[in-house]
Every structure is written in C-alpha cells, then in structure tokens.
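Please treat every number below as a calculation from the coordinates, not as lab data. Here the structure is a predicted model, which means the values were calculated and not measured. Here the Cβ positions follow ideal geometry from the backbone for every residue, glycine too, while neighbour counts run over all protein chains shown.
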Amino acid sequence: MTVWTCATCAIEHPDTAAPPEICEICADERQYIPAGGQRWTTREELAAAGHRIRVTELEPRLHAVEAVPELGIGQRGLLIRSGHGNILWEPPGYIDDAGLAAVRALGGIAAISASHPHLTGSSIQWSHAFGNAPVYVATADGQWIRRPDPAIRLWEGRAEILPGMRMIQCGGHFAGSSVLHWPAGAAGRGALLTGDTIGIGADRKSVNAMRSYVNNIPLPRKAIQRILDTVSPLEFDRLYGAFRVITADARPIVRRSLLRYMDWLEGIPAE
Ligand SMILES: [Zn+2]
Ligand SMILES: [Zn+2]
C-alpha cells in the first residue's frame with residue numbers, strides 16, 4: 001500500500017488504504033496546517049513533481065542528504081561516516097533510487113536519528129532500505145511517532161548510538177529534543193548537530209531555541225538554562241542546525257546567545 005506523506009511537514013505515515021484525516025504533527029501548536037487545508041502526497045507523486053535526493057559533501061566524512069526542490073519543513077539531512085558505521089540524521093521526507101545508491105556508495109546507514117519529531121521525514125523508509133537500521137526516538141517524544149515500526153529504539157537522557165557518537169537530550173522545543181555530538185567533526189575540534197533543538201540565526205553568529213519557531217512561541221528561562229547546561233560540557237567548534245551551519249567558534253556563540261535570551265526574558269536589555 002501507499003506510504004502517506006504529509007505535504008506540509010513531509011513526515012511519513014503508515015501505509016493504510018486511505019490517509020489519516022489530519023497530520024497530528026501539523027495540527028499541534030508548534031506547526032501549522034496551511035490555509036488550503038490538510039494535504040497528503042506519496043513517493044510516486046513527489047517523483048512525478050520532480051523531487052530527487054541530492055547527496056553532497058559538506059566536510060570530510062559528512063554529507064548532506066536533502067530533497068530538491070525543497071520539501072516539507074525543508075531540513076538538510078546529514079550523513080556522518082563515523083568509522084563505526086554511518087548515521088543518517090534528520091532524513092528528508094523522500095527517498096529515491098539515486099539517493100539510495102549515493103548513500104550506499106558512502107557505506108550505507110547503521111543508525112538513524114533526529115533532533116525531534118518535526119525532522120524525522122522518511123526515517124522508516126530509509127531504515128527499511130538499509131536493513132532495518134535502528135531509528136532512535138526519545139521516549140519523551142514517543143507520542144509523536146507517526147509511523148510505528150520495529151526499527152524504532154526508544155532512549156532517554158543519553159544514548160551512544162554508535163561508538164563515540166552520542167545523542168544528548170536537552171528538551172525545550174520538544175520534551176525529547178536532543179543533539180548529536182560528533183567529536184571527530186570539524187577536523188577534530190568537534191561538531192554538534194542540533195536540528196531545531198538549537199536553531200541558528202540568519203546572521204550565523206547567534207542561536208536561539210523556541211517552543212515554536214514558525215508560530216513564535218518562546219521557551220521559559222529554565223528550559224534555556226537546561227539547554228545551556230546540557231551542551232556546555234561538550235567539546236565542539238562547529239554547529240549544524242536544521243538549515244544553517246556555524247562553521248567555527250560555535251561554543252561561545254551558543255553560550256552568549258542563550259545568556260542573552262535569558263536576559264531578555266528577565267527584562268534586562270542586552271547591549
Ligand atoms: Zn504534517
Ligand atoms: Zn521543530
């Protein structure tokens with residue numbers, strides 16, 4: 001049967017005879033249903049519309065895996081070649097044969113994860129294409145799983161999904177919102193993959209964290225403090241958000257930005 005994909009968020013849903021009435025992800029206050037109403041699409045329809053998977057190198061051992069033209073929320077999936085197997089982070093909501101071949105040529109996929117439910121895309125289709133590779137979902141976000149599957153592994157707090165590669169739960173945007181620490185990234189200075197757990201500003205010199213980015217719902221001080229406390233002990237110089245990258249000095253930028261955020265919450269105008 002057809003795997004249904006929400007046309008707005010590009011998150012896959014089960015292969016039922018008819019699609020659900022509504023996408024619960026988009027009906028939530030953190031996302032949106034477009035003015036035209038709920039719409040579903042399929043892999044076949046997306047292929048006919050010209051979507052394809054593009055795989056490009058971003059730095060040694062890291063490739064972007066993205067749908068072009070942009071699809072759904074539009075995140076850039078990332079494939080890390082860790083030396084102990086590859087991790088596909090925040091897969092696009094689409095998959096095609098050329099994309100599969102490109103990823104296979106890079107060593108395939110040993111694990112799949114995402115910062116939070118919005119950016120899970122076609123995780124299960126990618127998993128099935130690579131020997132049912134485990135798909136890591138924070139237990140706290142279990143209620144948002146749209147396509148249940150035996151490949152899903154629930155975790156909480158911290159999880160070493162491949163040797164040396166750790167998921168760390170920060171909360172905030174979603175209760176299970178997390179980051180992936182890649183110590184070997186950025187030529188050994190360390191990289192943090194944050195998705196929407198820590199968003200990157202348009203200036204690429206600042207970060208933020210929101211309950212909803214698209215509907216502008218902020219987070220309370222304690223949530224921002226928890227994110228800062230959780231990532232502060234990690235060594236990293238580069239930060240990959242869902243849409244942008246801070247190539248260097250990301251650690252002090254995160255600290256400065258989140259302290260500024262809390263200042264504004266307290267009513268203390270920053271410089
Ligand atoms: Zn949706
Ligand atoms: Zn999100």
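With a/c under 1.5 counting as rounded, go ahead and sort the stretch 104-178 into rounded, prolate or oblate using the C-alpha gyration tensor (a ≥ b ≥ c being the square roots of the eigenvalues; past the cut-off, prolate if a/b is larger than b/c, else oblate).
The shape class here is oblate.
Using θ = phi - 60° and the Karplus curve 6.51 cos²θ - 1.76 cosθ + 1.60, what whole-Hz ³J(HN,Hα) does each residue of the stretch 101-106 get, with Gly and Pro shown as x?
Values per residue, Gly and Pro as x: 5, 5, 5, 4, 5, 8 Hz.
How compact is the stretch 1-156 by the rule of thumb for globular proteins, expressed as Cα Rg over 2.2 N^0.38 Å?
Relative to the rule-of-thumb radius for its length, the stretch 1-156 sits at 0.98.
Considering only the stretch 173-271, what is the antiparallel percent among its DSSP beta bridges, to the nearest 5?
Numbers: 8 of 12 bridges.
If I count the DSSP bridges inside the stretch 173-271, around 65 percent turn out antiparallel.
Multiplying the sequence separation of GLN225 and ALA101 by 0.36 nm and subtracting their Cα-Cα distance, what value in nm do you get?
So the chain would gain 40.4 nm between GLN225 and ALA101.
Pairs of alpha-carbon atoms within less than 8 angstrom and 6+ residues apart define the contacts here; what relative contact order does the chain have, in percent?
Value for the chain: 13 percent.
About the Cα centre of the chain, how large is the charge dipole given +1 on each Lys and Arg Cβ and -1 on each Asp and Glu Cβ? Please answer in debye to the nearest 20.
660 debye
Using helices alone, what [θ] at 222 nm do you get for the chain, with -39,500 (n - 2.57) per DSSP H run of 4 or more residues, divided over all residues and rounded to the nearest 500?
The per-residue figure over the chain is -5500 deg cm²/dmol.
Starting from the Cα of ALA48, step 7 Å along the direction of its Cβ; do the same at GLU21; then give the gap between the two resulting points in nm.
2.7 nm
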